[in-house]
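Read the structure below first, then the notes.
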Amino acid sequence: MPAPWTAYIDMEFAGIRGTRQGMQIPIEIGVVLHEPVSDSISFAGRDFCHDVEVELWKNVTNHIGKRVDGFRRVFNLSRPGETLPEEKYRLDAEGTRRARKAIAGAHADIRAFMQALNAKDIDTLVFFARRREMETFQRARVNTGGFVIRDLQSEIRHRYSLKEDVSLDRMSLVIGFALNGRTLSSQHFSYKIPDRFRYIIKPHKAVGDAARMLLVAQEFRHYPDAFEAGVKDHIQDYEAQKNHGDDLQTG
């Protein structure tokens, strides 16, 4: 009999245009399911397409994973391939009503998506900085009772008594995360990517970040000595280069 599955979950969010990021909407969810005995994985994801204009910010990081810049893209969730001009805009009462309707629709999408995953025997939900996702599950009326809830970022910080949380971008550097055609890999693990997910498994996409979380968790659990050494070396390099103001190289 197969062991229960672990679900690595990530969501991406955007601000509602005209609210200065005051109203947020989930725009996609990604899950990588892992069965630890057979080391089998399965992918699932969904974009949320609702008639609302959003502002999506993406970070630019340098070669040590430090944020050095960011860029903004404005688009309508129902037409994600079409970029809108960046002009001053303030949401009016009708726009606020439509935005709330879109957010409620995204929450309904999340609820339906998670209910569909019930076909798998899942016993653990894993996040990387879980607060935002857990708050969204609560608002979407997703019942997380009965699951083991893990926050990988918090576990790593407490295991090594770190002064601050370390981002998923930086943890990806520690484990040597790589995408190579049909596979995703770290120092000690490699998994095949199904054809339908090949072009959406990348950093800062929900399924891609869920995949990075799986690899970080695998290295953290199965190769603790190498992982600890990698974390300590990375933090030493990060602090040294940060203190020297080396923020202009964007590897």
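The values are calculated or read from the model by the stated rules, or taken from the named source; none is laboratory data. Computed from a predicted model, the values in this text were never measured in an experiment. Methodologically, a virtual Cβ is constructed for each residue, glycine included, from the backbone with ideal geometry; neighbour enumeration extends over all protein chains shown. Only protein heavy atoms, including side chains, enter the accessible area calculation; ligands, DNA and RNA are left aside. Shrake-Rupley method; radii C 1.70, N 1.55, O 1.52, S 1.80 Å.
If amide H atoms are built 1.01 Å from N in the plane of the peptide, which residues on other chains or at least 5 residues away come under 5 Å of the amide H of Phe13?
Residues meeting the criterion, in which the H sits 1.01 Å from N, are Ile27.
Do you know the Lys pair count in segment 5-247 for C-alpha distances under 19 Å, with sequence separation 8 or more or different chains?
Summing the qualifying lysine pairs gives 13.
What are the ³J(HN,Hα) values, in whole Hz, obtained from phi via the Karplus relation 6.51 cos²θ - 1.76 cosθ + 1.60 with θ = phi - 60°, for each residue of segment 184-199 in sequence order, with x given for Gly and Pro?
Running phi through 6.51 cos²θ - 1.76 cosθ + 1.60 with θ = phi - 60° gives 10, 8, 10, 4, 10, 9, 8, 9, 6, 9, x, 3, 5, 10, 4, 9 Hz.
About the Cα centre, and with charges only on the beta carbon of Lys, Arg (+1) and Asp, Glu (-1), how big is the dipole of segment 5-247? Nearest 20 debye, please.
Charge dipole, segment 5-247, about its Cα centre: 660 debye, nearest 20.
What is the magnitude of the charge dipole of segment 129-251 about its Cα centre, with +1 placed on the Cβ of each Lys and Arg, -1 on the Cβ of each Asp and Glu, and no other charges, expressed in debye to the nearest 20?
Rounded to the nearest 20 debye, it is 720 debye.
Mark the label point 7 Å from the Cα of Gln241 along Cα→Cβ and return the residues of segment 62-76 whose backbone N is within less than 19 Å of it.
62-70
Relative contact order (percent) for the chain, with alpha-carbon contacts under 8 angstrom and 6 or more residues of separation?
22
Along the positive direction of the dipole of the chain (beta-carbon charges: Lys, Arg +1; Asp, Glu -1; about the Cα centre), which of Pro80, His158, Ser185 reaches farthest?
Pro80
Give the accessible area for Tyr191 in Å² (nearest 10); use a 1.4 Å probe, count only protein heavy atoms, and leave out ligands, DNA and RNA.
10
Give me the 1.4 Å probe accessible area per residue for segment 5-247, excluding ligands and nucleic acids, in Å².
52
Rounded to the nearest percent, how much of the accessible area of the chain (1.4 Å probe, protein heavy atoms only) is carbon and sulfur? Let's see the in-between values first.
Numbers: 6390 of 13530 Å².
Its accessible area is 47 percent carbon and sulfur atoms.
Using alpha-carbon positions, what is the distance between the centroids of segment 162-193 and segment 21-91, in Å?
Centre-to-centre (Cα) distance: 19 Å.
What's the longest piece of the chain with no exposed GluC sites (Glu not before Pro), counting a site as exposed if DSSP puts it in a loop and it has at most 10 other beta carbons within 10 Å?
165-251
Cut-off 18 Å, label point 7 angstrom out along Cα-to-Cβ of Leu179: give me the residues of segment 54-96 whose amide nitrogen falls inside.
Counting only backbone N, you get 57-63, 65, 71, 81.
Top to bottom by accessible area (1.4 Å), largest first, where do Ile110, Ile235 land?
Reading off the accessible areas and sorting them downward yields Ile235, Ile110.
For the chain, what are the DSSP H helices with axial Cα length of 18 Å or more and mean Kyte-Doolittle hydropathy of at least 1.6?
Helices meeting the span and hydropathy rule in the chain: none at all.
Which of Trp57, Ile149, Ala240 sits closest to the plus end of the dipole of segment 5-247, meaning its Cα is farthest towards the positive end, when Lys and Arg get +1 and Asp and Glu get -1 on the C-beta?
Result: Trp57, furthest along the dipole toward the positive end.
Leaving out ligands, DNA and RNA but keeping every protein chain, what accessible area does His63 have, in Å² rounded to the nearest 10, with a 1.4 Å probe?
70
For segment 14-105, run through the trypsin sites (Lys or Arg not before Pro) and keep only the ones in DSSP coil with at most 11 other Cβ atoms within 10 Å of their Cβ.
Sites meeting the loop and neighbour criteria: Arg20, Lys88, Arg90.
Want the number for Ser78 to Glu164: 0.36 nm per residue separation, take away the alpha-carbon distance, what's left? Don't skip to the answer; put the middle values down first.
Details: separation 86, 0.36 × 86 = 30.96 nm, distance 3.76 nm.
Extending this stretch completely gives an extra 27.2 nm.
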